[in-house]
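The values are calculated or read from the model by the stated rules, or taken from the named source; none is laboratory data. None of these values were measured; they are calculated from a predicted model. Cβ sites come from the backbone with ideal geometry, for glycine too, and all protein chains shown count toward neighbours.
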Amino acid sequence: MTYLTYVALFGAMVIVFLWLRDVRIFYRTGLAGYRTAAYHGVIYSALATLGVFFTVSLLELLGLGIILGALYLQGRTEREKVWGSEGTLDRFLGNVPVRRANKK
């Protein structure tokens, strides 16, 4: 195992973290853009896992390329603006006020 394996594992963890953050924001707000991002996050997390498998099997550059592609696609999904003047930690953790769009 080389250091690129650890880079691949960290990249895959970042993609899973971003997916779970989108799921949390969708659960708290009910916004359609975050629902789409959460659905796509499943696919991107699977791609990242595939990239980790390639990296571990000594095809490191191919695996890292797959992970970087998944990370790029993760950021391209359109989402609504949910933050105003919240701090960095709140944005990092996905803390948003609970306001369900589908609730009366």
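Observations, loosely collected:
- Here is the figure for segment 16-41: residues that are over 10 Å from GLN74 (Cα atoms) and more than 8 Å from the chain's Cα centre (by Cα) total 15.
- Flag for VAL98 being more than 30 Å from MET1 (Cα to Cα) and touching a helix residue (DSSP H, G or I) at 6+ places or on another chain (Cβ under 7 Å): yes
- Residue in segment 35-49 that is closer than 20 Å to PHE92 by Cα, of a type in the set (A, V, I, L, M, F, W, C) and in contact (Cβ under 8 Å) with a residue 40 or more places away in the chain present: yes
- For segment 24-97, the helices (runs of 4 or more DSSP H) that sit wholly inside it and include 3 or more residues that are in contact with a Ser or Thr (Cβ under 9 Å, 6 or more places away or on another chain), closer than 17 Å to VAL14 by Cα and at pLDDT 85 or above are 32-56, 60-76.
- Every condition in (1) in contact with a Ser or Thr (Cβ under 6 Å, 6 or more places away or on another chain); (2) over 22 Å from MET1 (Cβ atoms) holds for VAL16 except the one numbered (2).
- Matching entry among ARG76, ARG28 (being surrounded by 14 or more Cβ atoms within 10 Å (Cβ to Cβ) and of a type in the set (Lys, Arg)): ARG28
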